[in-house]
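To start, the structure under review is shown below, and the notes come after it.
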Amino acid sequence: NYFDTSPDYSDAASERALGEGIAGTPRDRLFIASKFCTPDGHLATDTPADAVVAAVEASLARLKTDYVDLVHIHAVN
């Protein structure tokens, strides 16, 4: 019941496929992890907070859920 995905996996197709795949499953039976990034790649270290929030909200829309259980900061330099 643990799913790890990211917007930059297959140009967000991973999140869209997972969203379709979990449709109808009670959300409390899943643990979903994603990343702070966009389909175009990782966010810059100076990305404004509102852009980070927008990236996560876009992930939620693709996943068709109202929350994720974990959001990784991916590839921290």
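The values are calculated or read from the model by the stated rules, or taken from the named source; none is laboratory data. From a predicted model like this one, the values you see are computed outputs, not experimental measurements. Here the Cβ is made from the backbone with ideal geometry for all residues, glycine too, and neighbour counts use every protein chain on show. What goes into the accessible areas is simple: the full protein's heavy atoms, side chains included, and nothing from ligands, DNA or RNA. Shrake-Rupley method; radii C 1.70, N 1.55, O 1.52, S 1.80 Å.
Scanning the range 3-15 for residues that are in contact with a Ser or Thr (Cβ under 6 Å, 6 or more places away or on another chain), surrounded by 12 or more Cβ atoms within 10 Å (Cβ to Cβ) and free of Cβ contacts under 8 Å to residues at least 40 places away in the same chain turns up at least one hit. The set of residues in the range 54-70 being among the hydrophobic types (A, V, I, L, M, F, W, C), in contact with a strand residue (DSSP E or B) (Cβ under 6 Å, 6 or more places away or on another chain) and either surrounded by fewer than 15 Cβ atoms within 10 Å (Cβ to Cβ) or not in a helix (DSSP H, G or I) (or both) consists of Val68, Leu70.
Taking the condition modelled with pLDDT of 95 or more, among the hydroxyl-bearing types (Ser, Thr, Tyr) and part of a loop (DSSP other than H, G, I, E, B), does Thr25 pass? It is true that Thr25 is modelled with pLDDT of 95 or more, among the hydroxyl-bearing types (Ser, Thr, Tyr) and part of a loop (DSSP other than H, G, I, E, B).
Can Asp11 be described as of a type in the set (Asp, Glu), in a loop (DSSP other than H, G, I, E, B) and modelled with pLDDT of 90 or more? The answer is yes for Asp11. Every test in (1) of a type in the set (A, V, I, L, M, F, W, C); (2) within 9 Å of the chain's Cα centre (by Cα); (3) open to solvent by 60 Å² or more (accessible area, probe 1.4 Å) is passed by Ala49 save one, and that test is (2).
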